[in-house]
Amino acid sequence: MSLKSFIRPAKEKDIANLVQLSSSSFRNAFEASNTKSDVDLYIETNFSYAQLQSQVLDRNNVFLLLFTEDQASPVGYAKLRMGPAEACVSGENPIEIERLYLDAPAIGKGLGSVLMQACLEAAEGMGYQSVWLGVWEHNDRAIAFYKRWEFELVGTHPFQQGTETQTDFVMQRAVAHRELAEPSDSTR
């Protein structure tokens, strides 16, 4: 039996839940492979209430919240960002999937695919023809997930993780592809 889920855009009333989910899912995804102090610094810098409120209210961002029938709070979210793409992105009219994260208990249940499909549908609905994203070069599970979704490596860019500058792979794909159903991992 599959877990029933639904997705809706984030609203200002969701910011407290988004702060908690952003912090816990980022910590879960990256704390084992990075110093706690760098993860703490990244979270303090990027996932404060004021920071997320500003991002949610910015018309250049779309936050999608993923809920399951057994949870009142979101178990995952994605952030799509309209704006300039990395120079290596060659897809027509691109939009960035800047974040795609799941709460730890939601990983491995196919919910990442639900969220990815929602991102592609949202991008298409806004008139975008391609999507791109950055994923840490050492996040093998996320890279495999994106490859299953037909993303292709097109370059790299730096990612500031606390005090450490890391390398993210830049991946892209056209919006209009066949739907795939695979388990997910929290990714950036």
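The values are calculated or read from the model by the stated rules, or taken from the named source; none is laboratory data. All figures in this text were calculated on a predicted structure; none of them were measured in a lab. Positions of Cβ are backbone-derived with ideal geometry, glycine not excepted, and every protein chain shown enters the neighbour counts. The area values use the complete protein model at the heavy-atom level, side chains included, leaving out ligands, DNA and RNA. Shrake-Rupley method; radii C 1.70, N 1.55, O 1.52, S 1.80 Å.
Applying 0.36 nm per residue to the separation of HIS138 and LEU3 and subtracting their alpha-carbon distance, the gain on full extension is 45.6 nm.
For the chain, the solvent-accessible area works out to 47 Å² per residue, with a probe of 1.4 Å and every protein chain left in place. Scalar couplings 3J(HN,Hα) for the stretch 37-52, obtained by applying the Karplus form with A = 6.51, B = -1.76, C = 1.60 to θ = phi - 60°, are 5, 5, 5, 4, 5, 4, 5, 4, 6, 10, 10, 6, 4, 4, 5, 5 Hz; x denotes Gly and Pro.
Rg and Dmax, both from the Cα atoms of the stretch 31-188 and both in Å, are 15.1, 42. Within the same chain, aspartates and glutamates fewer than 8 places from LYS36 are excluded, and of the rest, those with a Cα less than 18 Å from its Cα are GLU44, GLU164.
What is the calculated FRET efficiency for THR45 to THR165, with r their C-beta to C-beta distance and R₀ = 22 Å, to the nearest 0.05? Each step should come with its number before you reach the end.
Values: r = 14 Å, r/R0 = 0.64.
Given R0 = 22 Å and the Cβ-Cβ separation, E is 0.95.
Would you give the gap between the C-alpha center of the stretch 7-59 and the C-alpha center of the stretch 72-93, rounded to a whole Å? Their Cα centres are 15 Å away from one another.
Taking amide H atoms as placed 1.01 Å from N in the peptide plane, the amide H of GLN161 lies under 5 Å from those of GLN166, each 5 or more residues away in sequence or on another chain. Given +1 at the Cβ of Lys and Arg, -1 at the Cβ of Asp and Glu and no other charges, the dipole of the chain around its Cα centre is 360 debye to the nearest 20.
In this label model, GLU121 and ASP70 are separated by 2.3 nm, measuring between points 7 Å along each Cα→Cβ vector. List the lysines whose alpha-carbon lies under 19 Å from that of LYS109, not counting same-chain residues fewer than 8 positions away? Correct list for LYS109: LYS4, LYS147.
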